[in-house]
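Data first, discussion second: the structure below is written as structure tokens.
The values are calculated or read from the model by the stated rules, or taken from the named source; none is laboratory data. Because the structure is a prediction, the values reported are computed rather than measured. Ideal geometry is used to build each Cβ from the backbone, glycine not excepted, and the neighbour counts take in all protein chains shown.
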């Protein structure tokens, strides 16, 4: 992991975007759970990113057998992952933090997305506090809006979270 927006800036390609390899250094997810392929625009309060829905993946093959659709919850996850990159860009020592889904204030799935489609994510940061970030996002396939959501991500200290999760339960 890297530790500042300056370091994130160093991962940008000549066009100013971030490729999947750079995103793997920023987002703490394995390959199978990365729903952003590329960031095409990154500013402190705005991010644009894309995800190419694969023709075959376990989540595609298992979601509506015979009628493969991208699960709406994973489209929302892609919006949150794009938003996570943007929030990390704003945080000092972001490698010491984890961003967790805290609240989905609203989510509307307006149209399906299918294997072979390219999702375009547009996320705006509406409020950033020490312990939370609020954002609004939309996902499109071409001109067709497929999802609109308002999300809140909790910003937590990674070491404190690990300590809490590994603490013996009190019974």
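Of the residues 158, 129, only one is in contact with a helix residue (DSSP H, G or I) (Cβ under 6 Å, 6 or more places away or on another chain), surrounded by fewer than 18 Cβ atoms within 10 Å (Cβ to Cβ) and either within 19 Å of residue 102 (Cα to Cα) or at pLDDT 95 or above (or both); which?
Details: 129 fails: in contact with a helix residue (DSSP H, G or I) (Cβ under 6 Å, 6 or more places away or on another chain).
Within the list 158, 129, the selection yields 158.
I'm told residue 120 meets every condition in (1) touching a residue at least 60 places away in the same chain (Cβ under 8 Å); (2) under 18 Å from residue 35 (Cβ atoms); (3) assigned to a strand (DSSP E or B); (4) touching a helix residue (DSSP H, G or I) at 6+ places or on another chain (Cβ under 8 Å) except one. Can you identify the failing condition by its number?
All conditions pass for residue 120, except number (4).
Take the residues of the stretch 131-161 that are part of a helix (DSSP H, G or I) and touching a strand residue (DSSP E or B) at 6+ places or on another chain (Cβ under 9 Å): which is farthest from residue 84 (Cα to Cα)?
The selected residue is 161.
Can you work out which of the residues in the stretch 115-125 that are in contact with a strand residue (DSSP E or B) (Cβ under 9 Å, 6 or more places away or on another chain) and surrounded by 15 or more Cβ atoms within 10 Å (Cβ to Cβ) is farthest from residue 45 (Cα to Cα)?
117
Identify the single condition in (1) surrounded by 14 or more Cβ atoms within 10 Å (Cβ to Cβ); (2) modelled with pLDDT under 95; (3) in a loop (DSSP other than H, G, I, E, B) that residue 60 does not satisfy, given that it satisfies every other one.
All conditions pass for residue 60, except number (3).
Looking at the stretch 14-24, is at least one residue surrounded by fewer than 18 Cβ atoms within 10 Å (Cβ to Cβ), assigned to a loop (DSSP other than H, G, I, E, B) and in contact with a helix residue (DSSP H, G or I) (Cβ under 6 Å, 6 or more places away or on another chain)?
The answer is no, given that none of the residues of the stretch 14-24 is surrounded by fewer than 18 Cβ atoms within 10 Å (Cβ to Cβ), assigned to a loop (DSSP other than H, G, I, E, B) and in contact with a helix residue (DSSP H, G or I) (Cβ under 6 Å, 6 or more places away or on another chain).
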